[in-house]
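Peer 1: For reference, the structure I am asking about is given below.
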Amino acid sequence: MRVPILSLIAWMPFVGALLIMFTARRSPLAVRLIAAITTGISTVLSLWVYAAYDRDAALTTGFQFYEKLALVPPLGINYELGVDGISILMVLLTSIIIFAGVFASWTVATRSQEFYALLLALVTGVYGVFVSLDMFVFFLFYELAVLPMYLLIGIWGSSGEVRPRGIFAWAYRETGVGSKEYAAMKLTLYLLFGSAFILVGIFALYVAAGTASFSFLDLEAASFDPALQRWVFLAFYVGFGILAGIWPLHTWSPDGHASAPTAVSMLHAGVLMKLGAYGVVRVGMGLLPSGATELAWLVGGIACINVVYGALSAMAQVDLKYVIAYSSVSHMGLVMLGAATLTEAGLNGSVFQMFAHGVMTGLFFALVGLVYEKAHSREIFRMGGFGRVMPGIATAFTIAGLSSLGLPGTSGFVAEILTFMGAWRSDHRWWLVPAVAGTFLTAVYVLRVAKQIFWGPPSPHFHHLEDARGPEWVALVILVGVLVLFGFLPGVALVPVDTATVPLLSRILQP
Amino acid sequence: MIAAPYLLELGVGALMLAVFVVGVLGRRPVGILATAGVFVLTAAALALAPSGSALGGMFVQDGLAIFVKRVFLAATAIGLLSGLGSPDRAMARRSTEYHLLLLASLLGMLVLASARDLILLFLAFELMSIPLYVLTGFAKREPEAVEASLKFFLVGSVSSAVIAYGLSFVYGATGSTSLGAIAKAPASPLLTLGLVAALAGLAFKIAAFPFHMWVPDAYEAGPAPFVAWLSVAPKAAGFVTLFRVYFEGVGDRAAVWAPAAAALATVTMLGGNLMALPQTNTKRLLAYSGIAQIGYMLVGMAAASASGTAMILFYLVAYVFGNMGAFLVVEAVARSEGSEATSAFRGLAQRSPLLALSMLLFLLSLGGIPFVAGFWAKLYVFWAAAERGLYWLVLVGAVLTVVALFYYLLVARSMYIEAPARMSRVPVTPALALSVLLCVLGVVFLGVYPKAVVMAALRVATPLF
């Protein structure tokens, strides 16, 4: 019997969560070790899958590492897993982020047992979404990835310290905008609102295909009526798009990410938003080619707004975590833009951007978490000169920032150049303008923040601060290393991705 | 499997007699006797096999009847169990009265599930309803209880009158009281008018919007173990009546009721969920959320198909465990804190982690979250509606689920995120703990393995069409 390696990757964190709940009640160190070991196993396995993925056969065989187990045969629900070039990259991203995240949140003190258990349960959901081929199981994992977030943010999050002024102050008093409870509720409701659309879309396809199967492969083989495709694609776009932070449904994301504890922000901005984009590409475009072609203008147009609006919003923030959170909104716009171009370069750029931005934003949030923990502040203009006292963190932040604005030699550059090429070759050349403008604006806000906090004149208040320590270094080194490695060797990621995007495009473009 | 048509009804009758005799002799063991008796009857119901019709077709013991009788009995067993050892003084003093009334109502439900004749149906309906009015006002020295009871009684009587009025038209149009004959009768305006009137009356009983106004007051005022039961068992009985009158044997004409059910479902889901939002009393919150749940069941009704009916049956089972469990936890907290406000749950996760976890499971089940029973329930009714192309209804329902999660999560937030006012454990009587445990088991089992119950529901619902 073959080893069900994808199941092992996906369920390992869940096993860790159970172990933590039942065995490590009194020992915080054991909690962390169990978390590190189980996510470590998943990471090693996903690296192995990444290496063993057969790039040459991929164009003919489709999904690899295939597993299938009948769950509810009369309804056509199967536990069906498989990966292609896009999903192996996403699985790898998830592994990197969660493994680093476990180390980055080593110092969580209150109720750490529950924290790690919930975090690991959530990771199982994320892995599950990326590897499942059965739409129903996909949906189950999706919900599993969204729900623990409520408690994770609500209990361990931090409320924004910069109080809003003017009319926003009134809104704050009325609703609690900016507090962690508000952010947790908002995030959960937005994402579940999205999942309502996804559920309807899945049902519509299930009924319309008439094959009594939820399998992605069966649905892919069925051909749907163009009118149906249009509205179902729209449902998927709205549903997954909320998770991907599409304007104007993105507002949960800055609040949520800014309020979440470090590892959760890393995971959410780094991976969960990708899950939305992945859903649009895999489910929306993969199953509904003509719907995707017809509505590409909408996806791309909204993505352009995302890029520019997100960047402008990031410029206006004074809370460091909000800057990063809005930059995610902006970069997710680039991801969606690349996908909307419906060109090989654009789609590759989109997938690569998911990966690059995931690692980059994970690094950003890890750093912000470290800075906050040491300086107890997130307010940009109250901090300064940290470069002297924490050179390691400062260097890592600068590298992440340079990747964010697309400096050659970092993976951000590869992603952006591919997206730009895609935009140029697409039917809507003008998309290039907002995309490039977004990159420019990114440079403005990233460099501004880096200069103010790390490279400005040192402030006497902060002489006693320390650089990153022990486990925290593990997180930083992994993330920076990946960011640079994939910048210099983009082919490592692009070759497998290409094996998945080319067949996808040929399906979309040839009706 | 045993086939004995009147076993359960006779059993409940005998139990009532025993409770009466024991109650006259001395009060103590009445509750235990009634609870044990209902548990035995539940076990008997699980072993029961369909035995066809009796009394010239008035009374039928088919799969549907047995399915819902199991639901009634299980709900009653849990409800009675949770009331044992309750510190409520009125309950302790008038225990015989309480149990007799509850069993009488149960008897009404059991007969109702089997009634295939308008007269028997109406009779059973009233036997079920009248004890409910009395029990709602059980705390007769409290003005709220009397008010709620009176409100419930008036609304209930009016709805009974409307049902009777409608059914008289049905009889006038068809010349028969047998539901079998009525189903076969040719359509006529008078028949439709009668059935529409009866539908409005039945909507009162299942508390569909806008016929729901008795619910929150009744739930708030009644004794909690009774309310937990009231929130589920009579609803199930109402749905069985709907199936019997509107679906059974009418074939394609069942689809006539789809638009009405869809409209009712939409307004009930909307009304229930939106009115639940501002509630700060958990019992009222659960009352309005219960109305919304009825709306989701009506989505299955709108499908007007065998799968829709089956999914409602499954929903009812899931609802019994989820909703009763939630009410019982509220009761446990209210006994300890003396308050039913949401704020009484503050920090419960740190005071009594297991109780908080149970409540979380119940709330998630009511909210329709995977791996607990309610998820499959919602999913299946939506599925049934999607099969009939009612995508808009599914979308409305699914989006309103998000609204519902908001108020469920507010309770979860109190329990898990807010800090407790004091750290002492919430004391729970063993009987209450056991009944909560039963509900947890039900919710989790159905969440992980819904197949057996779904298949059973499909089996009993298919012959109706």
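Peer 1: Output the Kirkwood hydrodynamic radius of the protein assembly as shown, Cα pairs only, in Å rounded to one decimal. Mind dumping the intermediate values first?
Peer 2: Numbers: mean 1/r = 0.0337 Å⁻¹.
About 29.7 Å, per the Kirkwood formula over Cα pairs.
Peer 1: If you don't mind, another one. Per DSSP helix of 4 or more residues, -39500 (n - 2.57); summed, then divided by the residues of the protein assembly as shown. What does that give at 222 nm, rounded to the nearest 500?
Peer 2: Numbers: 45 runs with 708 residues, N = 976.
Computed mean residue ellipticity for the protein assembly as shown: -24000 deg cm²/dmol.
Peer 1: Report, by chain and number, residues whose modeled amide H sits under 5 Å from the one on B:ASP117, excluding near sequence neighbours (fewer than 5 apart, same chain).
Peer 2: B:LEU179
Peer 1: Going by average Cβ density within 10 Å per residue, which order do the peptides A:108-114, B:305-311, A:401-407 take, highest to lowest? Each step should come with its number before you reach the end.
Peer 2: Working: A:108-114: 15.4, B:305-311: 26.0, A:401-407: 23.9.
Ranking the peptides A:108-114, B:305-311, A:401-407 by packing returns B:305-311, A:401-407, A:108-114.
Peer 1: Also, quick follow-up: Which entries of B:LYS151/B:LYS378; A:LYS321/A:LYS451; B:LYS184/B:LYS235 have Cα-Cα distances beyond 23 Å here?
Peer 2: On the way: B:LYS151/B:LYS378 31 Å; A:LYS321/A:LYS451 16 Å; B:LYS184/B:LYS235 27 Å.
The pairs that break the limit, which is 23 Å between Cα atoms, are B:LYS151/B:LYS378; B:LYS184/B:LYS235.
Peer 1: Also, quick follow-up: Please compute the alpha carbon radius of gyration of the stretch A:406-511, then divide it by the globular-protein estimate 2.2 N^0.38 Å. Two decimals is fine. Mind showing how you got there, number by number?
Peer 2: Details: Rg = 19.4 Å, N = 106, 2.2 N^0.38 = 12.9 Å.
Taking the Cα Rg and dividing by 2.2 N^0.38 Å, one obtains 1.50.
Peer 1: When you look at the Cβ of every residue in B:391-404, what mean number of other chain Cβ atoms sits within 10 Å?
Peer 2: Details: counts 8, 1, 0, 5, 8, 2, 3, 10, 5, 1, 5, 9, 3, 1.
The per-residue average across the peptide is 4.
Peer 1: In Å², nearest 100, what accessible area do chains A and B bury in total when the solvent probe is 1.4 Å? Don't skip to the end; give the middle numbers.
Peer 2: Values: alone 18240 and 17060 Å², together 32500 Å².
Buried: approximately 2800 Å² between B and A.
Peer 1: Let me ask you something else. Name the residues whose placed amide hydrogens come within less than 5 Å of the amide hydrogen of A:SER215, ignoring near sequence neighbours (fewer than 5 apart) on the same chain.
Peer 2: A:MET135
Peer 1: Rounded to the nearest 0.05, what FRET efficiency do B:ARG141 and B:SER343 have when you use their Cβ-Cβ distance and R0 = 22 Å? Let's see the in-between values first.
Peer 2: Details: r = 27 Å, r/R0 = 1.22.
Computed FRET efficiency for B:ARG141 and B:SER343 comes out at 0.25.
Peer 1: At a 1.4 Å probe, what is the % contribution of carbon and sulfur to the accessible area of the stretch A:58-117?
Peer 2: Of the solvent-accessible surface of the stretch A:58-117, carbon and sulfur hold 69 percent.
Peer 1: Something else: To the nearest 10 degrees, how steep is helix A:180-209 against the longest Cα principal axis of chain A, on a 0 to 90 scale?
Peer 2: That helix lies at roughly 10 degrees to the long axis.
Peer 1: Taking each residue in B:406-419, count the Cβ atoms of any other chain within 10 Å of its Cβ, then average. What number comes out? Don't skip to the end; give the middle numbers.
Peer 2: On the way: counts 5, 0, 0, 10, 2, 0, 3, 7, 0, 0, 6, 10, 3, 0.
The shielding value for this peptide is 3.
Peer 1: Over chain B, what is the relative contact order in whole percent, taking alpha-carbon pairs under 8 Å and six or more residues apart? Could you put the intermediate results ahead of the total?
Peer 2: Numbers: 806 pairs, mean separation 71.3, N = 465.
Taking the mean separation of contacting Cα pairs over the length of chain B, I get 15 percent.
Peer 1: In addition: Check every DSSP H run in chain B and write down those whose alpha carbon atoms cover 18 angstrom or more along the long axis and whose mean Kyte-Doolittle hydropathy is 1.0 or greater. Don't skip to the end; give the middle numbers.
Peer 2: On the way: long enough: B:7-25 (27 Å, 2.49); B:30-46 (24 Å, 2.24); B:63-83 (30 Å, 1.63); B:95-114 (29 Å, 1.43); B:118-136 (27 Å, 2.17); B:143-174 (46 Å, 1.04); B:189-205 (24 Å, 1.76); B:258-276 (26 Å, 1.30); B:282-303 (32 Å, 0.84); B:306-337 (46 Å, 1.21); B:353-367 (20 Å, 2.22); B:373-387 (21 Å, 0.78); B:391-416 (36 Å, 1.75); B:430-448 (27 Å, 2.61).
Long hydrophobic helices here: B:7-25, B:30-46, B:63-83, B:95-114, B:118-136, B:143-174, B:189-205, B:258-276, B:306-337, B:353-367, B:391-416, B:430-448.
Peer 1: Okay, moving on. Post the alpha-carbon centroid distance, the stretch B:150-173 to the stretch A:238-252, in whole angstrom.
Peer 2: 50
Peer 1: If you take the beta carbon distance between A:ARG26 and A:GLU379 as r and set R0 to 45 Å, what does 1/(1 + (r/R0)^6) give as a FRET efficiency, to the nearest 0.05?
Peer 2: Details: r = 37 Å, r/R0 = 0.83.
The value I calculate is 0.75.
Peer 1: Between the helical axis of A:432-450 and the dominant principal axis of chain A, each derived from Cα atoms, what acute angle in degrees is found, rounded to the nearest 10?
Peer 2: The two axes meet at around 30 degrees.
Peer 1: Further question on the same structure: Mind checking the angle between helix A:135-146 and chain A's longest principal axis? C-alpha axes, 0 to 90 degrees, to the nearest 10.
Peer 2: 10
Peer 1: Here's a follow-up. Within the accessible area of the stretch B:295-353, what % is carbon and sulfur when the probe is 1.4 Å and the other protein chains stay in place?
Peer 2: Working: 480 of 970 Å².
The value for the stretch B:295-353 is 50 percent carbon and sulfur by accessible area.
Peer 1: If you add up the charges near B:ARG284, with Lys and Arg at +1 and Asp and Glu at -1, over every other residue whose beta carbon is less than 13 angstrom from its beta carbon, what do you get?
Peer 2: Net charge in that neighbourhood comes out at -3.
Peer 1: In the stretch B:207-223, whose amide N lies under 20 Å from the spot 7 Å out along Cα-to-Cβ of B:ARG94? List them in ranges.
Peer 2: Under cut-off, by backbone N: B:217-223.
Peer 1: Another question, then. Grab the other residues whose beta carbon is less than 11 angstrom from that of B:VAL320, score K and R as +1, D and E as -1, and report the net.
Peer 2: On the way: positive: B:ARG70, B:LYS235; negative: none.
Counting the neighbours of B:VAL320, the net charge comes to +2.
Peer 1: Still on this structure, please answer the following. For the protein assembly as shown, report the accessible area per residue in Å² (1.4 Å probe, heavy atoms, rounded to an integer).
Peer 2: Details: 32500 Å² over 976 residues.
It amounts to 33 Å² per residue over the protein assembly as shown.
Peer 1: Could I ask something else about it? Return the ratio Rg/(2.2 N^0.38 Å) for the stretch B:219-264, where Rg is computed over Cα atoms only.
Peer 2: Working: Rg = 14.9 Å, N = 46, 2.2 N^0.38 = 9.4 Å.
Relative to the 2.2 N^0.38 Å estimate, the stretch B:219-264 comes out at 1.58.
Peer 1: List every residue whose amide H lies under 5 Å from the amide H of A:GLU379, counting only residues 5 or more places away in sequence or on a different chain, with H placed 1.01 Å from N in the peptide plane.
Peer 2: For A:GLU379, whose amide H was placed from the backbone, the distant partners under 5 Å are A:LEU320.
Peer 1: What order do you get for B:110-120, A:387-397 when each peptide is scored by the mean count of other beta carbon atoms within 10 Å, highest first? Show your work: numbers first, answer last.
Peer 2: On the way: B:110-120: 24.3, A:387-397: 19.8.
Ranked by mean Cβ neighbours within 10 Å, highest first: B:110-120, A:387-397.
Peer 1: May I ask you to order A:330-336, A:187-193, A:272-278 by the average number of other C-beta atoms within 10 Å around their residues, highest value first?
Peer 2: On the way: A:330-336: 30.3, A:187-193: 23.0, A:272-278: 26.6.
The peptides rank, most packed first, as A:330-336, A:272-278, A:187-193.
Peer 1: How far is it, in nm, from the label point at A:VAL3 to the one at A:ALA57 when both lie 7 Å from their Cα along the line to the Cβ?
Peer 2: 1.7
Peer 1: Another question, then. Provide a whole-number value for the mean count of partner chain Cβ atoms within 10 Å of the Cβ atoms in peptide B:294-305.
Peer 2: Details: counts 0, 0, 0, 0, 0, 0, 0, 0, 0, 0, 0, 0.
Averaged over the peptide's residues, the number is 0.
Peer 1: Another one. What net charge is computed for the residues neighbouring A:LEU133, neighbours being all others with C-beta under 11 Å from the C-beta of A:LEU133, Lys and Arg scored +1, Asp and Glu -1?
Peer 2: -4
The values are calculated or read from the model by the stated rules, or taken from the named source; none is laboratory data. Since the structure is predicted, the reported quantities are computational estimates derived from the model, not experimental observations. Every residue, glycine as well, gets a Cβ built from its backbone with ideal geometry; the counts of neighbours run over all protein chains shown. SASA here: full protein model, heavy atoms, side chains in, ligands and nucleic acids out. Shrake-Rupley method; radii C 1.70, N 1.55, O 1.52, S 1.80 Å.
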